[in-house]
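One structure below.
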Amino acid sequence: MGWSADPGGLEAGECIAWEAHRGPVFALTTSLYGDLWSGSEGGVIKVWYEEGIEKSLSLQREEKRKTSFLVERSFIDLRAMVSDGGACPLPAVDVKLLLSDNSRSKVWSAGYLSLALWDSCTKELLKVISVDGQDPFGYETKQNLFSAPRKDKARSPVGFFQRSRNALMGAADAVRRVAAKAGFGDDSQRIEALAMSIDGMIWTGSANGCLARWDGNGNRLQEFQHHLCSVQSIFSFGTRIWAGYMDGSIQLLDLEGNLLGGWIAHSSPVLSMAVGGSYIFTMAGHGGVRGWNLSSPGPIDNIMRSTLIEAEPLYKQFEYMKVLVGSWNVGQEKASYESLRAWLKLPTPEVGLVVVGLQEVDMGAGFLAMSAAKETVGLEGSPNGDWWLDAIGQHLKGYSFERVGSRQMAGLLICVWVRTHLKQFIGDIDNAAVACGLGRAIGNKGAVGLRMKIHDRSICFVNCHFASHMEAVSRRNEDFDHVFRTMTFATPSSGIMTTSVSSSTGQLLRGANGSRMPELSDTDMIVFLGDFNYRLYDISYDDAMGLVSRRCFDWLKNNDQLRAEMRSGRVFQGLREGDFKFPPTYKFEKHTAGLSGYDSSEKRRIPAWCDRILYRDSRVSSGNECSLDCPVVSSISLYDSCMEATDSDHKPIKSVFNLDIAYVDKQTMRQKYVELMSSNNKVVHLLQELEAFPGVNINNSNIILQDRNPSVVKLQNRTEVIACFEIIGQAPNLSSTHFSAFPAWLKVSPAVGIISPGQTVEVTLQHRDLHSQQNYNGTSLDILPGGATQQKAATVFAKITGVYSTVAKYYEIHVQHQNCRSTLPSRGYNLGDRFF
């Protein structure tokens, strides 16, 4: 909504500025009557009347200082208006969202966990409701905020309760804001998005991925859970609802909430959406904007998909890369330079990525307790952890590596380095941690993970330390299952539950019931590394040492607990391990080299391959080749231990993965897409059909209202396509005359809606009696609306559009009250392909 100046006033491009709030302004909207609403922190909502702003715009340039002063003084503080003796029915939480419901002359305001409904004409507070649709305090005011001032009266019995509730909500909001800055603790039900569909329904989106549909009176009708990630934006156009999520995905619903489709649109949150022509444009958190045809998904998509598959050789690219993965249980020790160099020596210059996982970097009851406390507030790290990061970084710096990510939880540390020239192809780095220690709360056992995208392919590394002792096989299996099912990254890579578009690895590592796929399964490749603690069973110490001394490792593998559990399908389902020839990596006497260094104490611990590296790529079977459908194919060229390192009772291990990555050259594919859209005859024909403009007849364009008697305008759809209508104050760019918002004395119902083919919709127009309005802020009344002084004649427009294009046609409707008559004819304005 905008305001134009009268001749002689402010010139084009000029503006007025004023201090609207003392704190940040989170939300703005313009009501049906042109008034400007703003929401700020602490539940403050202010309204500036359209007449006041327009009068200020009409002032001469030399009066600019007076202009800002007048506008700044002309607001109404709605929170103050509904407060009574210190009690306020509105929670003192930030007003994050505002929405004008022009179909019912209402405005919705949303905080974290509550909504409020206002009359956009009288500014009355109509209802306060919680996010789950409840009205626990029974507040539904009927008083007019602009009636004569009320006399002081005794405080009602509910006053104390309301004040207490208000204080608690305000304190909770303060804690929530601090928690958000520290990276934890926001309620999953908080409202993140608000929109209205063409049928007059209100839609909200929450941080837990839920979408809710409300009627215009604030009644929660239905909830939909099609995604597991936070909703960030909602947009409605035609007969469809578009929802944008934190993970960059988009979902499309019909007006009943049925899921029509969904796909990954961006690599970061979808923050905003807008329509133009035949496209909806989405803006992501990284600043990227993409356009999608309003008819998607549909027949055009099927044609384009098959055609693009045929053209795949033009935009398909391959990348070959080697990744060095190392794991070491360091037993709270710091490695010597010689041990570190022997372990992380690059076997080939083709290694572009180095991933290191450490266990037992720090231990001890005091440290573990402190670490658990720090985790709750999003803090991590330790002096020993920092030493290891610096030591490894210094070693790799000479090979032109840079650290791009790390995560520490108690004694577990994972970190990633990448060669400088490859850094541009790696992004969306995220981390997570899962505790498996005492009560699933202490990080002495558990896992830390790093996930990233390499050429837009998701690859995840998880460093684990599972339960110890020979007999704890089941507990180790449970630790893996707990890590796999509960590890959650800050930005989920997917989570779409009902769409068919997914990673090619979706058939592996699914949740048992298939309803909620764990995040770790939704990757193109995953690597588990660490001290899994699986031992050798059914063999004595002497027999094991005898086989080790003769280097008969294949015989020992028959007694390996991990292999037995994997064969039975009880752990690491769908993963595999490279062939290895190295000796068991546990348990050694520190600073003792060679095979003679195994434990010779009274405990005589049986040697075991506690330290392992397992992986899964995109292949369904070993015969699959790298392609866009199978984007990451891996093989192992090295899987070995480092016997030279004697600083710990474990030997470090390492593996080199050879990765073939298939990806899309996006620029080439976009160029090909544009060519196909304009050259494919089937696509061009379908676009013409979808953009067919609906024809609508209006039976009466000159309305004379007598008293409060209603008058009806009939809108008839005479075509075979769906039409959408909206009654507005003025059509855009049709006149350079003084701007006129929707008149406050005119009530229209419904003001928006759908006209099915062959259907007729009746729009009722009626005169509205306005109460006398007070001067609450010391502002002169001539810049506030007064029903008695307004001219009772207006021109409104019926805006008609289709459902797949913003091309619109506008029909004038002249409305007069009492003795004002007009003989102006009805006119239709076809604005062609202009975007509004």
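The values are calculated or read from the model by the stated rules, or taken from the named source; none is laboratory data. Please read these numbers as outputs of a predicted model, since none were measured by experiment. Positions of Cβ are generated from backbone atoms using ideal geometry, with glycine treated the same way; all protein chains shown enter the neighbour counts. Note: accessible area is taken over every heavy atom of the protein model, side chains too, but ligands, DNA and RNA are not part of it. Shrake-Rupley method; radii C 1.70, N 1.55, O 1.52, S 1.80 Å.
Within the stretch 596-612, if we keep just the residues that are open to solvent by 10 Å² or more (accessible area, probe 1.4 Å) and touching a helix residue (DSSP H, G or I) at 6+ places or on another chain (Cβ under 6 Å), the residue that is modelled with the lowest pLDDT turns out to be R604. Here is the figure for the stretch 254-268: residues that are in a loop (DSSP other than H, G, I, E, B) and open to solvent by 40 Å² or more (accessible area, probe 1.4 Å) total 3.
Of all residues in the stretch 326-353, those being aliphatic (A, V, I, L, M), open to solvent by less than 20 Å² (accessible area, probe 1.4 Å) and closer than 17 Å to K397 by Cα number 4.
For the stretch 370-378, the criterion of being touching a strand residue (DSSP E or B) at 6+ places or on another chain (Cβ under 7 Å), touching a residue at least 40 places away in the same chain (Cβ under 8 Å), of a type in the set (A, V, I, L, M) and assigned by the TED database to the domain that holds K453 is met by no residue.
Just one residue in the set D640, D660 is under 30 Å from R605 (Cβ atoms) and assigned by the TED database to the domain that holds Y337; that residue is D640. As for the stretch 584-599, it holds no residue that is farther than 21 Å from W328 by Cβ and part of a loop (DSSP other than H, G, I, E, B). Answer yes or no as to whether G277 is closer than 22 Å to K672 by Cα and at pLDDT below 95. For G277, the condition - closer than 22 Å to K672 by Cα and at pLDDT below 95 - is met.
A count restricted to the stretch 704-750 and to residues that are open to solvent by less than 20 Å² (accessible area, probe 1.4 Å), over 35 Å from the mean Cα position of the chain (by Cα), at pLDDT 90 or above and closer than 21 Å to R104 by Cα stands at 2.
Exactly one residue out of V571, V620 is in the same structural domain as M470 (by the TED database), modelled with pLDDT under 95 and either farther than 29 Å from S339 by Cβ or open to solvent by less than 50 Å² (accessible area, probe 1.4 Å) (or both), and it is V620. The condition of being part of a loop (DSSP other than H, G, I, E, B), out of contact with any His (no Cβ under 6 Å at 6 or more places or on another chain) and at pLDDT below 50 holds for only one of T779, T806, that being T779.
Among the residues making up the stretch 237-251, those that are crowded, with 19+ Cβ neighbours inside 10 Å, within 21 Å of L690 (Cβ to Cβ) and either at pLDDT below 95 or not aromatic (F, W, Y) (or both) are F237, G238, R240, I241, I250, Q251.
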